[in-house]
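Here is the structure we will look at, set down as structure tokens.
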Amino acid sequence: MNIQEMMRQAQRMQKKMKDIQDEMGKQEIEGSAGGGMVVVTASGRGEVLRVKIEKDVVDPNDVEMLQDLVTAAANQALTRAKEAMEAEMGKVTGGLSMPGMF
């Protein structure tokens, strides 16, 4: 394989990876805590889009619990988003780790 063909293949892979990132940015992934009392929705790119908190879980005397639930739900959504991105990118890279890509 010559250098020019390798460069073309690298460019095709780069385009596919960008296309996947764009598509993943449109996906919505949820994480929840407290039996669904707190739900965080993130994009496939790892951006928090929405936080939904049921009124029943809001207790002014226990703000720390609510903070913990929001943190847990957000971490779950972001972890799922990262795993989804890695799975999609792995299809293009053949499982090679691409630091800084996601």
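Collect the residues in region 1-35 that are more than 25 Å from E88 (Cα to Cα), in contact (Cβ under 8 Å) with a residue 12 or more places away in the chain and not in a strand (DSSP E or B), keeping them in residue-number order. Walk me through it before giving the result.
As a first pass, look at region 1-35 and keep what is more than 25 Å from E88 (Cα to Cα): 1-4, 33-35.
Cutting the leftovers down to in contact (Cβ under 8 Å) with a residue 12 or more places away in the chain gives us 33-34.
Within region 1-35, G34 is the sole residue that qualifies.
If only residues of region 71-85 that are buried (at least 16 other Cβ atoms within 10 Å of the Cβ) and out of contact with any strand residue (DSSP E or B) (no Cβ under 8 Å at 6 or more places or on another chain) are counted, the one that is modelled with the highest pLDDT is K82.
The values are calculated or read from the model by the stated rules, or taken from the named source; none is laboratory data. All figures in this text were calculated on a predicted structure; none of them were measured in a lab. So basically every Cβ, Gly included, is an ideal-geometry build from the backbone, and we count neighbours across all protein chains shown.
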